[in-house]
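Just below is one structure, and these are the notes that go with it.
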4 protein chains.
Amino acid sequence: MTPTVLPKTQRDDMKNRARMLVSCPDQPGIVATVSRFLYEYGANIVQSDQYTNHDGGMFYIRIEFDLEDLDTRREQLKSDFSAIAEKFQMKWSVNRASRKKRLAIFVSKEDHALLELLWQWQAGDLDADIAMVISNHNEMRSLVESFGVPYHHVPVTADTKAEAERKQLELVVDQVDAVVLARYMQIISPKFIEYFPNRIINIHHSFLPAFVGGKPYAQAHNRGVKIIGATAHYVTEELDGGPIIEQDVQRVSHRDNVDDLKRIGRHIERIVLARAVSWHVEDRVIVHGNKTVVFN
Amino acid sequence: MTPTVLPKTQRDDMKNRARMLVSCPDQPGIVATVSRFLYEYGANIVQSDQYTNHDGGMFYIRIEFDLEDLDTRREQLKSDFSAIAEKFQMKWSVNRASRKKRLAIFVSKEDHALLELLWQWQAGDLDADIAMVISNHNEMRSLVESFGVPYHHVPVTADTKAEAERKQLELVVDQVDAVVLARYMQIISPKFIEYFPNRIINIHHSFLPAFVGGKPYAQAHNRGVKIIGATAHYVTEELDGGPIIEQDVQRVSHRDNVDDLKRIGRHIERIVLARAVSWHVEDRVIVHGNKTVVFN
Amino acid sequence: MTPTVLPKTQRDDMKNRARMLVSCPDQPGIVATVSRFLYEYGANIVQSDQYTNHDGGMFYIRIEFDLEDLDTRREQLKSDFSAIAEKFQMKWSVNRASRKKRLAIFVSKEDHALLELLWQWQAGDLDADIAMVISNHNEMRSLVESFGVPYHHVPVTADTKAEAERKQLELVVDQVDAVVLARYMQIISPKFIEYFPNRIINIHHSFLPAFVGGKPYAQAHNRGVKIIGATAHYVTEELDGGPIIEQDVQRVSHRDNVDDLKRIGRHIERIVLARAVSWHVEDRVIVHGNKTVVFN
Amino acid sequence: MTPTVLPKTQRDDMKNRARMLVSCPDQPGIVATVSRFLYEYGANIVQSDQYTNHDGGMFYIRIEFDLEDLDTRREQLKSDFSAIAEKFQMKWSVNRASRKKRLAIFVSKEDHALLELLWQWQAGDLDADIAMVISNHNEMRSLVESFGVPYHHVPVTADTKAEAERKQLELVVDQVDAVVLARYMQIISPKFIEYFPNRIINIHHSFLPAFVGGKPYAQAHNRGVKIIGATAHYVTEELDGGPIIEQDVQRVSHRDNVDDLKRIGRHIERIVLARAVSWHVEDRVIVHGNKTVVFN
């Protein structure tokens, strides 16, 4: 049994809905100040989730609010809010719910994680725009294009790695808000990561930190584990070491060989990745240090 | 995989910690008003969870805050808050975290649900005082008394039902905050319920609303279900029909006969009841109509 | 956490693999007789699962075995086995693993359950042939045909129900081994069921027997349940009352409205149906009375 | 959702019930030979589970059978079976279901895993005899003795480790069938392990192989995992490296600090250990290499 993978119902009119994410050192009066600010602006708080990390002394809040004429007033609101933000040393953002985040999905030869995202997107369950798919292979072109999504084939070899990355960056920088690695089997360079800090989501096919690296199902079979899993995390320079967004698991038994584990794993991977991407695009995730706060 | 059954860590000094629960018709400015009120009182909001029911137009919030000298200032705070509460037509409460709720546990002949509560209580995992155990049998006296908990034997027969209830009420009214039916096999009368509205928690041994009534495991076996469950709910006049607080399930198979289902079910029952009681005593549950909002 | 949805690994050469299913009244010597029979035939037992229902006095076994030249020798083996079968009053079957079962999938307007089956089939995870899709609407034609699967539009109205059924039967009788109702919103007539006893699999969008009928998510929301589910079952004359093959559930909360439940439910439905269909086509399910024995 | 922790129903008369476990290199005719042998002895097979590991070429079977006058005829049966066993190079055992396995439980200062075993044992859910509890501390004496179980205090210090082990061995060798480490915080020496090969069950407080060693919850918190787990395994010379019997997990969040993880973990640990011990005492586990085959 797992938490829900899906975005909350889209009510008819979300055009005035905004999502505010704030993290800052804890001190008295933050909620009062922020909620008073919003109230005086005429905003109505629709949902708010707050968490204080006592060990670390950090305060986190996610607020959804409705504000009439959000489109025209958002810049002013942000400008007015900066004084508060500065006083409390906040990291913060205010996004419109109606402005879907644009995603680039990177993929290699396995299609299951990509297909789940395309399927959920088509069904209206993934609250994002899939702007493009980029692959180091050409196999999935017709599949992807049948969804009306542009497909870019950027081959990668040991020799052309730098050049390939240049092409990828050209395609995505300023064009997408986040990059999703849907079983993309190439290492992302530190330079690429710098362009999308905490905005590259990878699905790793094990229950991290168990079985780091390239052959987790073989390792799992070898160790005789009774449960396997998958982990969605933000990509950092440390391989499979970035902040974990979501994990899930499934029971296996001695009857399952490595191929069985791979097949079972595919189902966990696609669910976990879809859930993590949903939470990211709905502004539900705050990264602090090497961990995430997920308001879901 | 299930949510955690346990109370959040008790920090060293909870004596100034308060928990506020509010429900009222939704309108702009509630969060701002409440948080400003608390801020001006010098309170620090430690955690807050809020939910607006769009279909029903209701607003719910749970706030944990720290307030210096809470003990001496709480009455004044409540009195000052009533003006706000009235304005917004709030149902509300402010409880001290340090003032543990007192529980009476009713039990018949099966001990598993009772034992789990006693065990969690002894381990410090259940944030309540178990004030007494009341049973229509005498079998568990020595067990209960070995935990240092008073045991009252109140036999119930068809003829003595009214008299038995009179005795039970004498024992519990003004003595306990809530009543837990830990597999108590007698029907609670409407009159008794009136004394403890939404404060009597029952564990029903099925995944309600499937299998209402007295023999759910036999019914489940008969229907050939692949999953069985248990349900903790507040007791209302409608048998097994009150607001559901928590449910959980476990997989079964054709190999399990009725006795197996009962045995498996005992484990679900004790976990689900313990979880529901924990959430109740930590002021995490708001009842509205025949449903619960659970901030966990 | 759930059991695996997927067929066991297809080893390279399955052409000599057979699956025997047997149910009969229990008595000593059944395993000895059957296994000796197979041994003397030169068969090698690869996997066997057995279950005796003590309350009901029934014996069930599923045996996978390899037999050289299975294709040419299967008829003789079956003919020789009938003497044993008669003696023990067995209901039995012997199927070749290499002979995939042919399925007709019935669908109305919701595509999620169908898509999961098509996707698993294309990925090689569903060990069956999808022979055709039949719908009372025309919306999914291009989707289905893009998978290379024939699509038959058979409209159904109150007036044309009998005629529509005649057309459906013409399409499926002697053409498919089983019928899958992947959110097909029409009632199947007793006459149709007679053609496919225990070979029509339906997905019901609730955790049966809770919420029988057409609007289970609205009912679930109304009752305030904390867990929702889906049920795959064989279709019998009693609405939503046939033998349950598989069920699964997912946690929900007060935050989820009816639309959220539907969306979450779609994910449970497609997983549960795919699992049940897999088990059926791999000869893992025996029906006895109104229950199933599932060897998975 | 997890598999059941509990033994199958004890039917009234188990005195003639035997459990046979066999593992050997795979070859044709094993099932036929074994089942014919049992049939000719007049035994009735009540349940059988079989598994062939194709990669490793190994055959495993567990058979429960009823044999009249089992008590007096068991030695003869075993002697007659040895010829078959030799021919097929079997490792094998035949145990009476009525002869409960005797357990020694080792414990240090945490009582939750011990209590669950005592509680299940008292409720008749653990099909074993708890022969004694051995602890390096004296704290739990009165608790254990209140269950009528002998308690041995064997202090262990760096200096007295060898002497302590000598005492422990004196208490358990030839007195118990298996040793359960219910959060026993001392390393077991290779010499001790030699006395109980694959008969010492430990509960490790992490989802192995993640977080080997002494502080798994701190490590888990540090890594920001979203799910924690526990692992029951047979003890071998490699720390936390022995064959895994069972694992289970529970969802956690950013809200849970290290103490919360410990508290949640306690519940997983006690369930997982109880399940593994049940399976061991019911002869459901075969160890091969560093893995287990569990027929449950």
Name the single residue that is farthest from D:H280 (Cα to Cα) among those in segment D:106-115 being touching a Leu at 6+ places or on another chain (Cβ under 9 Å) and within 14 Å of chain B (Cβ to nearest Cβ).
D:D111
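Within segment D:206-219, take every residue that is more than 9 Å from every other protein chain (Cβ to nearest Cβ) and outside any loop (DSSP other than H, G, I, E, B) and give me the one that is farthest from the chain's Cα centre (by Cα). Let's see the steps before the verdict.
In the first step, residues of segment D:206-219 are kept if they are more than 9 Å from every other protein chain (Cβ to nearest Cβ); the result is D:206, D:212-218.
Narrowing the set further to residues that are outside any loop (DSSP other than H, G, I, E, B) leaves D:216-218.
Numbers: D:P216: 22, D:Y217: 24, D:A218: 27 Å.
Per the stated criteria, the residue is D:A218.
For C:S93, are the conditions met, namely being at pLDDT below 95 and under 25 Å from the mean Cα position of the chain (by Cα)?
No: the conditions fail for C:S93.
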Looking at (1) farther than 20 Å from A:E116 by Cα; (2) more than 7 Å from every other protein chain (Cβ to nearest Cβ), which is the only condition A:R266 fails?
(1)
Against the condition more than 7 Å from chain B (Cβ to nearest Cβ) and either modelled with pLDDT under 95 or within 22 Å of A:A276 (Cα to Cα) (or both), how does A:V5 come out, does it pass?
yes
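So in segment A:8-26, with the set limited to residues that are over 20 Å from the mean Cα position of the chain (by Cα) and either at pLDDT 90 or above or of a type in the set (D, E) (or both), which one is most open to solvent (accessible area, probe 1.4 Å)?
Going residue by residue through segment A:8-26, those that are over 20 Å from the mean Cα position of the chain (by Cα) are A:11-17, A:24-26.
Adding the requirement that they be either at pLDDT 90 or above or of a type in the set (D, E) (or both) leaves A:12-13, A:15-17, A:24-26.
Numbers: A:D12: 163, A:D13: 90, A:K15: 118, A:N16: 32, A:R17: 12, A:C24: 1, A:P25: 50, A:D26: 53 Å².
Residue satisfying both the conditions and the ranking: A:D12.
Quick one: which of A:Q219, A:Q250 is among the polar types (S, T, N, Q) and open to solvent by less than 40 Å² (accessible area, probe 1.4 Å)? I'd like the intermediate steps shown before the answer.
Values: A:Q219 fails: open to solvent by less than 40 Å² (accessible area, probe 1.4 Å).
Just a single option satisfies the conditions, and that option is A:Q250.
Somewhere in segment C:72-92, is a residue in a strand (DSSP E or B) and open to solvent by 70 Å² or more (accessible area, probe 1.4 Å)?
Pass one, segment C:72-92, residues in a strand (DSSP E or B): C:91-92.
Still in the list and also open to solvent by 70 Å² or more (accessible area, probe 1.4 Å): C:91-92.
The answer is yes; a qualifying residue exists.
Kindly indicate whether C:F211 is open to solvent by less than 20 Å² (accessible area, probe 1.4 Å) and assigned by TED's automatic domain parsing to the domain that holds C:L273.
no
Let me confirm something: among A:I203, A:I245, A:I228, which residue is within 13 Å of chain D (Cβ to nearest Cβ), of a type in the set (V, I, T), under 18 Å from A:A178 (Cβ atoms) and surrounded by 21 or more Cβ atoms within 10 Å (Cβ to Cβ)? Write out each step before concluding.
Details: A:I203 fails: within 13 Å of chain D (Cβ to nearest Cβ); A:I228 fails: under 18 Å from A:A178 (Cβ atoms).
Answer to the check: A:I245.
Test C:V172 against the criterion of being in contact with a helix residue (DSSP H, G or I) (Cβ under 7 Å, 6 or more places away or on another chain) and at pLDDT 95 or above, and give yes or no. I'd like the intermediate steps shown before the answer.
Numbers: in contact with a helix residue (DSSP H, G or I) (Cβ under 7 Å, 6 or more places away or on another chain): no; at pLDDT 95 or above: yes.
No; evaluated as a whole, the condition is false for this residue.
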In this structure, does B:E110 turn out to be closer than 18 Å to D:D111 by Cβ and of a type in the set (D, E)?
no
Of the residues A:D260, A:D256, only one is assigned to a loop (DSSP other than H, G, I, E, B) and at the interface with another protein chain (Cβ under 10 Å from one of its Cβ atoms); which?
A:D256
Could you tell me whether A:F59 is within 10 Å of another protein chain (Cβ to nearest Cβ), among the aromatic types (F, W, Y) and over 18 Å from A:H288 (Cα atoms)?
no
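Checking the conditions here, which among B:R263, B:R275, B:R270 is in contact with a strand residue (DSSP E or B) (Cβ under 7 Å, 6 or more places away or on another chain) and either buried (at least 22 other Cβ atoms within 10 Å of the Cβ) or outside the structural domain of B:N198 (by TED's automatic domain parsing) (or both)? I'd like the intermediate steps shown before the answer.
Numbers: B:R263 fails: in contact with a strand residue (DSSP E or B) (Cβ under 7 Å, 6 or more places away or on another chain); B:R270 fails: in contact with a strand residue (DSSP E or B) (Cβ under 7 Å, 6 or more places away or on another chain).
Just a single option satisfies the conditions, and that option is B:R275.
Pull up segment D:278-287, narrow it to residues that are open to solvent by less than 30 Å² (accessible area, probe 1.4 Å) and of a type outside the set (S, T, N, Q), then point me to the one that is nearest to the chain's Cα centre (by Cα).
Quick first cut of segment D:278-287, residues open to solvent by less than 30 Å² (accessible area, probe 1.4 Å) only: D:278-286.
Then drop every residue that is not of a type outside the set (S, T, N, Q), which leaves D:279-286.
Values: D:W279: 6, D:H280: 4, D:V281: 6, D:E282: 9, D:D283: 9, D:R284: 9, D:V285: 8, D:I286: 10 Å.
For segment D:278-287, the residue satisfying everything is D:H280.
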Kindly establish whether D:E145 is more than 27 Å from B:H267 (Cβ to Cβ), free of Cβ contacts under 8 Å to residues at least 12 places away in the same chain and more than 21 Å from the chain's Cα centre (by Cα).
no
Within 21 Å of the chain's Cα centre (by Cα), at pLDDT below 95 and within 26 Å of B:R263 (Cα to Cα), is that true of D:D129?
no
Exactly one of these conditions fails for B:Q250: (1) in contact with a Ser or Thr (Cβ under 7 Å, 6 or more places away or on another chain); (2) touching a residue at least 24 places away in the same chain (Cβ under 8 Å). Give me its number.
(2)
Going by what's in this entry, would B:I201 be described as out of contact with any strand residue (DSSP E or B) (no Cβ under 6 Å at 6 or more places or on another chain), outside any helix (DSSP H, G or I) and under 23 Å from B:I271 (Cα atoms)?
no
What are the residues in segment B:231-242 that are within 10 Å of another protein chain (Cβ to nearest Cβ) and surrounded by fewer than 22 Cβ atoms within 10 Å (Cβ to Cβ), if any?
B:G241
Restricted to segment B:94-105, and to residues that are part of a loop (DSSP other than H, G, I, E, B) and touching a residue at least 60 places away in the same chain (Cβ under 8 Å), which residue is nearest to the other protein chains (Cβ to nearest Cβ)?
B:A97
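The values are calculated or read from the model by the stated rules, or taken from the named source; none is laboratory data. Just so it is clear, the structure is predicted and the values come from calculations on it, not from any experiment. Virtual Cβ from ideal backbone geometry, glycine too; neighbours counted across all protein chains shown. With ligands, DNA and RNA removed, areas are computed over all heavy atoms of the protein, side chains included. Shrake-Rupley method; radii C 1.70, N 1.55, O 1.52, S 1.80 Å.
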